[in-house]
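The values are calculated or read from the model by the stated rules, or taken from the named source; none is laboratory data. This one's a predicted model, so the numbers in the text were calculated from it and none came from an experiment. Heads up, the Cβs are rebuilt from the backbone with ideal geometry, glycines too, and the neighbour counts pull from every protein chain shown.
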């Protein structure tokens, strides 16, 4: 394992999943690069740019497990060139007829940008699958608790009643928008790069455009139409969408974190008997998963910011932008994968305590109904006069029984107050929950289970 704490055997599981770690492993990455070079050779052979025999030999020997990676690293350092070490090692293992035809006319960025497209295709597919699973769990929760009353809170303080289903539906609705973003942006992201030195494919003239079409098709990618050497918006957009996804997951996690406080006690994370909250305070049950979602989101936002910085490039090639992506994009992908995995487990096993939610509503007497009392008084006094009266009664005079204080002030009758404070006004919350669930279910029936 590496020198970074995030790569250690002890902590790596917190910062990457096995599937994504395998994707970015050096041997896997080099194999992807070799597959790209194989695709290029196949396209070149079809256009008669190189002999078909050379393309076949390149395909046969483009096996990362057969390369001397120490030699690749040594030659990379010696030449100070990003891929010349790989080229020289390929030439060493290739038979003579194909040695001059490997990596013909391509550049580092042709290989790495096309690799990014392949990465986005794989990672996007995983994100799609995980988001669909999270959405399904949230929709089930929203339906189950569409009419479960709880205290709504603003600025961290008790407000008016909502339903827990309404809260969860807002999470689900946000997840659905991320699925929409993934579906809509896929054609923009999954394009190859074959640009040559400055983007005009001069090395391959007059066959450059045909070659690029063949090359992209070989890899199942779209032709970009124009080279995008310094146009890094695709990478930045992908990273930003993942940052938004992690932001949503962190919002969910933060809510669970806050509502898990013992003095609130409305939600709890799923756990097992083996999980230890504290080795000095054995009574503690820490919301570790919820907390970690916020940690991951902070890191993803930071790395996505680096990707956005790359949108400002100079001239026809600028290594400052796309080489920074070599660090930032894998980190965004790895961290997002962990966030999604963590969130799946959290929402699927979330423990909801409706009794605690109701108790917290009653804890503050009829104060949570002050909005309805205000609405009732507004019909008689006008909204602003009514608001001032309630402010004086509740804040200035410290009234805990809003209804009794209003009656004592002669502003309303007891029967009027009973009507205003009876029950919990959450019908609209339930209706909005139903709307979110219905729209999401309709969308899910119409969309594929794999990334479209």
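Table: residues versus (1) in the same structural domain as residue 135 (by TED's automatic domain parsing); (2) surrounded by fewer than 18 Cβ atoms within 10 Å (Cβ to Cβ); (3) touching a strand residue (DSSP E or B) at 6+ places or on another chain (Cβ under 7 Å).
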{"site": "335", "(1), (2), (3)": "yes, no, no"}
{"site": "339", "(1), (2), (3)": "yes, no, no"}
{"site": "351", "(1), (2), (3)": "yes, yes, yes"}
{"site": "355", "(1), (2), (3)": "yes, yes, no"}
{"site": "372", "(1), (2), (3)": "no, no, no"}
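Does residue 378 satisfy the condition of being assigned to a helix (DSSP H, G or I), surrounded by fewer than 20 Cβ atoms within 10 Å (Cβ to Cβ), touching a helix residue (DSSP H, G or I) at 6+ places or on another chain (Cβ under 7 Å) and free of Cβ contacts under 8 Å to residues at least 60 places away in the same chain? Here the answer is yes, as residue 378 does meet what is asked. Take segment 315-333 and flag every residue that is in contact with a helix residue (DSSP H, G or I) (Cβ under 9 Å, 6 or more places away or on another chain), modelled with pLDDT of 95 or more and either loosely packed, with under 15 Cβ neighbours inside 10 Å or outside the structural domain of residue 202 (by TED's automatic domain parsing) (or both). Those that are in contact with a helix residue (DSSP H, G or I) (Cβ under 9 Å, 6 or more places away or on another chain), modelled with pLDDT of 95 or more and either loosely packed, with under 15 Cβ neighbours inside 10 Å or outside the structural domain of residue 202 (by TED's automatic domain parsing) (or both): 326, 327.
On the stretch given as segment 91-131, residues that are surrounded by fewer than 19 Cβ atoms within 10 Å (Cβ to Cβ), touching a helix residue (DSSP H, G or I) at 6+ places or on another chain (Cβ under 7 Å) and within 11 Å of residue 451 (Cα to Cα) total 1. Out of all the residues in segment 54-70, is one or more touching a residue at least 40 places away in the same chain (Cβ under 8 Å), under 35 Å from the mean Cα position of the chain (by Cα), outside any helix (DSSP H, G or I) and farther than 30 Å from residue 292 by Cα? Taking every residue of segment 54-70 in turn, none turns out to be touching a residue at least 40 places away in the same chain (Cβ under 8 Å), under 35 Å from the mean Cα position of the chain (by Cα), outside any helix (DSSP H, G or I) and farther than 30 Å from residue 292 by Cα.
Scanning segment 402-424 for residues that are surrounded by fewer than 18 Cβ atoms within 10 Å (Cβ to Cβ) and under 46 Å from the mean Cα position of the chain (by Cα) gives 419, 422, 423. Taking the criterion of being surrounded by fewer than 18 Cβ atoms within 10 Å (Cβ to Cβ) and part of a loop (DSSP other than H, G, I, E, B), the only residue of segment 229-259 that qualifies is 231. When we screen 147, 82 for residues that are over 23 Å from residue 232 (Cβ atoms) and either touching a residue at least 40 places away in the same chain (Cβ under 8 Å) or over 27 Å from the mean Cα position of the chain (by Cα) (or both), the only hit is 147. For residue 224, the conditions (1) assigned to a helix (DSSP H, G or I); (2) in contact with a strand residue (DSSP E or B) (Cβ under 8 Å, 6 or more places away or on another chain); (3) crowded, with 18+ Cβ neighbours inside 10 Å all hold with the exception of (1). Look at (1) within 44 Å of the chain's Cα centre (by Cα); (2) more than 30 Å from residue 261 (Cα to Cα); (3) in contact (Cβ under 8 Å) with a residue 24 or more places away in the chain and you find that residue 309 fails only one, number (3). Only one entry of 410, 376 meets the criterion of being modelled with pLDDT of 90 or more and closer than 20 Å to residue 161 by Cβ, and that entry is 376. Scanning segment 1-34 for residues that are out of contact with any helix residue (DSSP H, G or I) (no Cβ under 8 Å at 6 or more places or on another chain), closer than 16 Å to residue 118 by Cβ and assigned to a helix (DSSP H, G or I) yields no hits at all.
Per-residue answers, yes or no, for (1) in the same structural domain as residue 242 (by TED's automatic domain parsing); (2) within 19 Å of residue 356 (Cβ to Cβ); (3) surrounded by fewer than 21 Cβ atoms within 10 Å (Cβ to Cβ):
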site	(1), (2), (3)
261	yes, yes, yes
274	yes, no, yes
281	yes, no, yes
290	yes, yes, no
296	yes, no, no
308	yes, no, yes
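In this entry, residue 45 passes the filter for residues that are buried (at least 18 other Cβ atoms within 10 Å of the Cβ), in a helix (DSSP H, G or I), over 35 Å from the mean Cα position of the chain (by Cα) and modelled with pLDDT of 95 or more.
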